[in-house]
Amino acid sequence: MQHGGSWIVEIHHDNINTRMGFMLVFEELLGMSAGEGAQLVDTLDQNGHADFTPLPQPEAERLVAAFQVRGVSAKLRKARRA
């Protein structure tokens with residue numbers, strides 16, 4: 001894995017987690033309201049995945065690990081330079 005720079009956290013829809021389960025994880029990790037969490041779940045339903053704003057590598061790695069520990073499929077992707 002390349003180090004440094006900005007990284008995108010990508011979460012994936014699955015057939016295991018429920019809508020409410022995703023929303024609870026989003027509230028716990030991201031402080032999202034129920035409405036914001038519902039919108040993100042809608043994106044997951046429509047696209048099969050959702051991307052977060054690019055983050056510095058250590059922060060992105062911590063967020064991916066936090067999602068994974070809670071059973072949400074997540075991975076890192078190097079952000080493209082503008």
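Just so it is clear, none of the values below were taken in a lab; they were calculated from the coordinates. Note that the structure is a prediction, hence the values are computed from the model and not measured. Neighbour counts run over all protein chains shown; Cβ positions are idealised from the backbone, glycine included.
Tabulated values for the structure
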{"quantity": "Compactness index (Cα Rg / 2.2 N^0.38 Å), segment 6-78", "calculated": "1.00"}
{"quantity": "Net length gained if the chain between Ile8 and Asp42 were fully extended (0.36 nm per residue, minus Cα distance)", "calculated": "10.3 nm"}
{"quantity": "Potential lengthening between Arg81 and Arg62 on full extension [0.36 nm per residue; Cα-Cα distance subtracted]", "calculated": "4.7 nm"}
{"quantity": "For segment 21-38, Karplus couplings with θ = phi - 60° (6.51, -1.76, 1.60), whole Hz, Gly/Pro x", "calculated": "x, 4, 4, 5, 5, 4, 5, 5, 7, 10, x, 6, 6, 4, x, 5, x, 5"}
{"quantity": "Ordering of 69-75, 29-35 by burial proxy (mean other Cβ atoms within 10 Å per residue, highest first)", "calculated": "69-75, 29-35"}
